[in-house]
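Everything below concerns the one structure shown next.
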Amino acid sequence: QGPASVTVIGADKAMTALRHQCIDQKLSEWGIDPNVYDALRLPPIEPPGGLWYTADDYPSEAQSKGEEGAVVARMDVDAKGKVTGCAVVVSSGSTSLDDVTCQTALKRGRFRPAIGTDGRPMAASRILNVTWDLEM
């Protein structure tokens, strides 16, 4: 016998509502107004070819300690796509990895800018997960 399938009426709406509630809560915790974010026609998008982090950005202090980890950061992006602000919202556990995430973003960070409801580029925030791995 194979697996059984059960259809629960209304489950799709409940799951959508739950997903939006969880996402909205996290956005708020991380300093982004969920209503403003939802109103964007398009949020800031990572550039073609990937992000601007390279192995050369890996802090020597973190390398010598064998530190690796993921940093979740809120990036404020202007209407031209330049990162103008950065805040770590979930730490990697390494101060040097957290610091270099924002330092590098502020120095070289570029996105395709957000598009507002009027179809024009606008400033907006973006949550980004940056993984620091000694094998970079």
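A few comments on the model shown:
- Residue count, segment 38-48 (criterion: modelled with pLDDT of 85 or more and either in a loop (DSSP other than H, G, I, E, B) or open to solvent by less than 70 Å² (accessible area, probe 1.4 Å) (or both)): 7
- Segment 115-131, residues that are assigned to a loop (DSSP other than H, G, I, E, B), open to solvent by less than 40 Å² (accessible area, probe 1.4 Å) and touching a strand residue (DSSP E or B) at 6+ places or on another chain (Cβ under 7 Å): Gly116
- When the test is whether a residue is within 19 Å of the chain's Cα centre (by Cα), at pLDDT 90 or above and either hydroxyl-bearing (Ser, Thr, Tyr) or open to solvent by less than 50 Å² (accessible area, probe 1.4 Å) (or both), Ala62 does not pass it.
- Number of the exception - Leu134 against (1) within 30 Å of Lys65 (Cβ to Cβ); (2) without any contact (Cβ under 8 Å) to a residue 24 or more places away in the chain; (3) open to solvent by 40 Å² or more (accessible area, probe 1.4 Å): (2)
- The condition of being of a type in the set (Asp, Glu), touching a residue at least 12 places away in the same chain (Cβ under 8 Å) and part of a helix (DSSP H, G or I) holds for only one of Asp56, Asp98, that being Asp98.
- Condition check for Ser92: in a loop (DSSP other than H, G, I, E, B) and at pLDDT 95 or above: yes
This table checks each residue for (1) hydrophobic (A, V, I, L, M, F, W, C); (2) not in a helix (DSSP H, G or I).
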{"site": "Met15", "(1), (2)": "yes, no"}
{"site": "Ile23", "(1), (2)": "yes, no"}
{"site": "Val36", "(1), (2)": "yes, no"}
{"site": "Gly50", "(1), (2)": "no, yes"}
{"site": "Ser64", "(1), (2)": "no, no"}
{"site": "Glu67", "(1), (2)": "no, yes"}
{"site": "Ala79", "(1), (2)": "yes, yes"}
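- Enumeration of residues in segment 101-114 that are surrounded by fewer than 20 Cβ atoms within 10 Å (Cβ to Cβ) and assigned to a strand (DSSP E or B): Arg110, Arg112
- Applying the condition of being closer than 19 Å to Thr54 by Cβ and of a type in the set (Asp, Glu) to segment 67-100 and asking which residue is surrounded by the most Cβ atoms within 10 Å (Cβ to Cβ) yields Asp98.
The values are calculated or read from the model by the stated rules, or taken from the named source; none is laboratory data. This one's a predicted model, so the numbers in the text were calculated from it and none came from an experiment. Neighbour counts are summed over all protein chains in view; Cβ atoms, including those assigned to glycine, are modelled from backbone coordinates with ideal geometry. When the accessible area is computed, the model is the full protein with side chains, heavy atoms only, and any ligands, DNA or RNA have been set aside. Shrake-Rupley method; radii C 1.70, N 1.55, O 1.52, S 1.80 Å.
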